[in-house]
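The values are calculated or read from the model by the stated rules, or taken from the named source; none is laboratory data. Note that the coordinates shown come from a computational prediction; the quantities given were computed from them, not determined experimentally. Heads up, the Cβs are rebuilt from the backbone with ideal geometry, glycines too, and the neighbour counts pull from every protein chain shown. Only protein heavy atoms, including side chains, enter the accessible area calculation; ligands, DNA and RNA are left aside. Shrake-Rupley method; radii C 1.70, N 1.55, O 1.52, S 1.80 Å.
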Amino acid sequence: MLRVGINGYGTIGKRVADAVSAQPDMELCGVAKVSPDYVAIGAVEAGYPLYVVDETRIEEFREIGVDVAGTVDELVEESDVVVDATPSGIGAENRSLYERHDTPAIFQGGEDATVAEVSFNARVNYDEAEDADYVRVVSCNTTGLSRLVAPLEEAYGIEKVRATLVRRGGDPNQTGRGPINDAVPDPVSIPSHHGPDVQTLFPKLDIDTIGLKVPTTMMHVHAINVTLENPPASEDDVRDLLAAQERTIMVPEYARIDGAGTLKDMAADAGRPRGDIWENCIWEESVTLQGSDLYCMQAIHQESDVVPENVDALRAISGHLSGPESRSLTNETLGIGF
Ligand code: NAD
């Protein structure tokens with residue numbers, strides 16, 4: 001049993017905690033939280049031991065009926081591996097905490113790649129994390145792009161990727177984020193930082209990315225052009241290739257799913273926890289081949305696509321299952337694939 005602690009119990013942390021609890025080879029030691037609020041109450045109701053980040057606030061947790069199991073230091077000491085899901089930049093500050101306890105850690109994509117020895121995606125470089133103590137699961141957008149790039153590169157070779165990322169303004173609980181009535185180039189400089197992040201997984205890939213932010217909390221949508229070195233005979237070949245990927249869903253025309261909102265509605269109807277969509281959702285009709293240029297559009301659920309990747313990163317770091325074994329166990333336990 002791999003004993004896992006979660007430090008930072010927000011959008012990503014709570015989903016990873018639930019996913020870890022669903023694994024037969026893992027035990028959730030507990031979650032560390034800063035503030036006593038509805039999320040802390042939810043953690044206790046889920047049966048997760050709750051540890052505090054700031055000892056001076058223990059009484060505030062007790063006042064709202066939350067039992068405190070200990071401090072984050074104790075959680076890190078008890079854990080075989082910690083998943084750090086704190087806000088961008090805090091993870092890097094926490095690295096010394098994990099080093100002090102000699103506890104390996106998994107960081108998130110909001111951190112610079114330098115926070116860890118390896119930037120990680122389970123489909124791309126599972127084996128590279130085996131000897132690492134510190135691994136960074138790449139961001140939601142980078143995860144989505146990498147899941148598309150990996151099979152295309154293997155099957156046809158890639159000359160160049162150009163991707164426009166239409167990014168959600170904020171997550172549903174981020175009430176202060178925006179824009180609320182605009183489409184904002186973000187970042188306005190081209191290329192955006194996303195391309196270099198994909199290159200942490202594919203160092204030789206030629207990729208340019210452009211980013212915008214729009215008023216939605218649903219999902220990111222990517223409009224992608226890939227120039228292939230050896231294009232297949234027809235775009236149906238590409239559709240078949242992408243449909244065969246474990247964490248990709250081809251959205252068929254007959255389903256009448258016209259946007260991220262209907263995708264999220266379908267996920268909720270399907271009883272997915274929190275309406276989560278762990279897979280890349282590629283509109284089948286958008287897959288178009290013009291000579292060696294492939295085009296497609298995909299939606300990426302920012303709150304959840306990195307969750308299975310975190311679970312696989314835990315196994316990669318502990319080394320007790322191979323990549324295919326881990327991915328298949330994660331997919332089965334979470335219910336990945338509609
Ligand atoms: P979040 O704000 O929802 O959650 C972070 C949690 O950490 C909050 O509960 C916060 O109170 C807590 N926290 C703050 N300081 C802390 C500290 N010192 N110690 C412990 N906990 C602390 O953030 P999130 O969206 O879950 O993002 C976490 C990481 O995941 C970031 O690196 C982010 O870039 C990355 N990520 C986020 C998304 C997304 O869309 N939300 C997608 C992929 C990756």
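A few comments on the model shown:
- Answer residue from region 299-338, given it is among the small types (Gly, Ala, Ser) and open to solvent by less than 10 Å² (accessible area, probe 1.4 Å) and is nearest to Val83 (Cα to Cα) among those: Ala313
- Residue check, Gly261 within 16 Å of the ligand (Cβ to nearest atom), outside the structural domain of Arg123 (by TED's automatic domain parsing) and open to solvent by less than 60 Å² (accessible area, probe 1.4 Å): no
- Test for Lys33: is it within 13 Å of the ligand (Cβ to nearest atom), at pLDDT 95 or above, open to solvent by less than 60 Å² (accessible area, probe 1.4 Å) and under 20 Å from Asp276 (Cα atoms): no
- If only residues of region 276-289 that are closer than 19 Å to Arg256 by Cβ and open to solvent by 10 Å² or more (accessible area, probe 1.4 Å) are counted, the one that is farthest from the chain's Cα centre (by Cα) is Glu285.
- Test: Ile58 is in contact with a strand residue (DSSP E or B) (Cβ under 6 Å, 6 or more places away or on another chain) and not charged (D, E, K, R): yes
- Evaluation of Glu45 against the conditions (1) within 21 Å of Arg274 (Cβ to Cβ); (2) within 14 Å of the ligand (Cβ to nearest atom); (3) open to solvent by 60 Å² or more (accessible area, probe 1.4 Å) shows that the sole unmet condition is (2).
- Hey, Val115 more than 9 Å from the ligand (Cβ to nearest atom), free of Cβ contacts under 8 Å to residues at least 40 places away in the same chain and either in contact with a helix residue (DSSP H, G or I) (Cβ under 6 Å, 6 or more places away or on another chain) or assigned by TED's automatic domain parsing to the domain that holds Ala316 (or both) or not: yes
- In region 228-258, the residue that is nearest to the chain's Cα centre (by Cα) out of those that are of a type in the set (D, E, K, R) and open to solvent by less than 50 Å² (accessible area, probe 1.4 Å) is Arg247.
- Every residue from region 51-97 that is buried (at least 23 other Cβ atoms within 10 Å of the Cβ), more than 9 Å from the ligand (Cβ to nearest atom) and either not assigned by TED's automatic domain parsing to the domain that holds Gly8 or not β-branched (Val, Ile, Thr) (or both): Tyr51, Leu75, Ser79
- Among the residues of region 144-174, not one is open to solvent by less than 40 Å² (accessible area, probe 1.4 Å), over 18 Å from Ala299 (Cα atoms) and within 16 Å of the ligand (Cβ to nearest atom).
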